[in-house]
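The values are calculated or read from the model by the stated rules, or taken from the named source; none is laboratory data. These numbers come from a predicted model, not from an experiment. Cβ sites come from the backbone with ideal geometry, for glycine too, and all protein chains shown count toward neighbours.
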Amino acid sequence: MFHIRNKILVTCAPRVSSILAKEIENLDFTVERELKMGVELSGTLEDTIRLNMNLRTAHRVLYMIDSFRAKHPDHLYKRLKKIKWEEMIPEDGHFRVDSFVRNDFIKDTRYANLRVKDAVVDRIQELKGSRPDSGTDTSKTVLYLHWLDENAAIYFDTSGETIAKHGYRKMPFKAPMMESLAAATIFASGWNKETNFINPMCGSGTLAIEAALMACQTAPGLFRNNFGFMHIKGYKEEYFEPVFRLAELKEKDSIPGKIIASDINAEAIKAAKTNARAAGVDHLIEFVHCDFRETPVPEGGGVVMLNPEYGERLGELEELKDTYQAIGDFFKQKCAGYTGYIFTGNLDLAKRVGLKPKRRMEFYNARIDCRLLSYELYAGSKRNREGKGN
């Protein structure tokens, strides 16, 4: 089972698929198609182990078991019952069913999930005389149904728990950026992992921590000891151990540039330090309790990235106008030779920065339409710029 090639679908947030595709190609896989919220390739279940270990911007790694046409829940049940589940799911195990369903046959996705569960359980019960449990637990075997119109596909979710969360965040603080999104914005910035990375308004430290993990080549999968692929029949520890050991061997203890994270809120700094310690990169990040305008910006250039609040209430918006204007002043006065980035869900506030963005990269933060705005920060005129950015 683990050596059979089939379609693999790696999912991600909207607007991240091109970044994810590059990540996958850097692992020496061939991308076959980029989708709105994912990337398709071909490979084996053993290949999904390496993908789960190394991908920073992905949400889930799905391995296709079968695809077919189904015009009715009964058709779905009959087709799924023909699959040899007894060879894939332990009869004394536990499995969960997740799904995306959009058609005229199903009004409630829970019913589709139930038909999947029934097909699996009924077949194993008839052949083995016992049946696996099913429920909401994602720590064992996880199946994923994609059913759009009459086109159905059933997958193993080889991740189990989503890999969008990288497993080190112990203190989230206020509305933190998802780890996979933070990684995607850093990739989008083009930061070369050798120059400095400055993160004022660091909050719980996600951007700075992700930058440090990239720079020291720590694979996100090293923070986990359980994946969905471990609960598929035929899995052997000998498939996982070499991938885990290779990831450990690639880790570095030091990095060439400086990573500096600051916040005016002492509780934010406390949370960021705790999370960095859990990620094993606290020795690589300099945390500073200060107003963002006082953030140390060393010589040498690199990236300075902020994720300021977007503002939801009128009073907040008025106050944030001054904040965004102050970010522009900070860029101009202290960050010459760097490339500046602002991640925001409020483009009206971004106009207060007073600088013209060189690039506008589209993202979503949850359901909020966001932009990563890039600013070239010159020392004097463009002609005399130091050019030490990414």
Of (1) without any contact (Cβ under 8 Å) to a residue 40 or more places away in the chain; (2) part of a loop (DSSP other than H, G, I, E, B), ARG277 satisfies all except one. Which? (2)
What number of residues within segment 25-58 satisfy the criterion of being touching a strand residue (DSSP E or B) at 6+ places or on another chain (Cβ under 8 Å), buried (at least 21 other Cβ atoms within 10 Å of the Cβ) and of a type in the set (Ser, Thr, Tyr)? 1
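Just one of GLU23, GLU91 is closer than 30 Å to ALA279 by Cα and either over 21 Å from the mean Cα position of the chain (by Cα) or assigned to a helix (DSSP H, G or I) (or both); which is it? Even if it seems obvious, please write down each step before you answer.
Details: GLU91 fails: closer than 30 Å to ALA279 by Cα.
Every option except GLU23 fails the conditions.
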From (1) modelled with pLDDT of 95 or more; (2) not in a helix (DSSP H, G or I), pick out the condition that doesn't hold for SER18. (2)
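Could you tell me which residue of segment 260-307 is surrounded by the fewest Cβ atoms within 10 Å (Cβ to Cβ), considering only residues that are of a type in the set (Asp, Glu) and farther than 24 Å from LEU377 by Cα? Lay out the reasoning, then the answer.
The initial filter retains those residues of segment 260-307 that are of a type in the set (Asp, Glu), namely 263, 267, 282, 286, 291, 294, 299.
So of that shortlist, the ones also farther than 24 Å from LEU377 by Cα come out as 267, 282.
Working: GLU267: 12, ASP282: 17.
Here the answer is GLU267.
Condition test on VAL61, is it without any contact (Cβ under 8 Å) to a residue 40 or more places away in the chain, surrounded by 14 or more Cβ atoms within 10 Å (Cβ to Cβ) and within 30 Å of the chain's Cα centre (by Cα)? Let's see the steps before the verdict.
Values: without any contact (Cβ under 8 Å) to a residue 40 or more places away in the chain: no; surrounded by 14 or more Cβ atoms within 10 Å (Cβ to Cβ): yes; within 30 Å of the chain's Cα centre (by Cα): yes.
When the stated conditions are applied, VAL61 does not pass them.
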Out of the residues in segment 156-179 that are touching an Asp or Glu at 6+ places or on another chain (Cβ under 9 Å) and among the small types (Gly, Ala, Ser), which is nearest to GLY203 (Cα to Cα)? ALA175
When (1) at pLDDT 95 or above; (2) of a type outside the set (Asp, Glu); (3) in contact with a strand residue (DSSP E or B) (Cβ under 6 Å, 6 or more places away or on another chain) are applied to GLY389, the one that fails is (1)
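Filter segment 150-206 down to residues that are at positive phi and over 12 Å from the mean Cα position of the chain (by Cα), then give me how many there are. I'd like the intermediate steps shown before the answer.
Taking segment 150-206 as the starting set, the residues that turn out to be at positive phi are 160, 167, 173, 175, 190, 193, 201, 203, 205.
Next, only the ones that are over 12 Å from the mean Cα position of the chain (by Cα) stay: 160, 173, 175, 190, 193, 201, 203, 205.
Summing the residues that are at positive phi and over 12 Å from the mean Cα position of the chain (by Cα) in segment 150-206 gives 8.
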Pairs needed: first member in segment 226-243, closer than 14 Å to LEU51 by Cα; second member anywhere, of a type in the set (S, T, N, Q) and in a helix (DSSP H, G or I); C-beta distance under 6 Å; at least 6 residues apart or different chains. PHE227/ASN52; PHE229/THR48
Tell me, which residue of segment 357-367 that is charged (D, E, K, R) and in contact with an Asp or Glu (Cβ under 9 Å, 6 or more places away or on another chain) is farthest from GLN333 (Cα to Cα)? GLU362
Give the residue, chosen from GLY300, GLY221, GLY257, that is outside any strand (DSSP E or B), of a type outside the set (Val, Ile, Thr) and on the phi > 0 side of the Ramachandran plot. GLY300
Condition check: on the phi < 0 side of the Ramachandran plot, assigned to a strand (DSSP E or B) and not aliphatic (A, V, I, L, M). Does PHE100 satisfy that? yes
I'm trying to understand the selection: among the residues of segment 182-218, which are within 24 Å of GLU248 (Cα to Cα), assigned to a helix (DSSP H, G or I) and among the polar types (S, T, N, Q)? THR206
Scanning segment 95-134 for residues that are buried (at least 16 other Cβ atoms within 10 Å of the Cβ) and aromatic (Phe, Trp, Tyr), which turns out modelled with the lowest pLDDT? PHE105
Can you tell me which residue is nearest to GLY135 (Cα to Cα) among those in segment 65-118 that are free of Cβ contacts under 8 Å to residues at least 40 places away in the same chain and among the polar types (S, T, N, Q)? ASN113
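Pick from HIS166, HIS231: which is in contact with a Lys or Arg (Cβ under 6 Å, 6 or more places away or on another chain), under 22 Å from ARG96 (Cβ atoms) and not assigned by TED's automatic domain parsing to the domain that holds ARG15? Quick ask: steps written out before the conclusion?
Working: HIS166 fails: in contact with a Lys or Arg (Cβ under 6 Å, 6 or more places away or on another chain).
Checking each option against the conditions leaves just HIS231.
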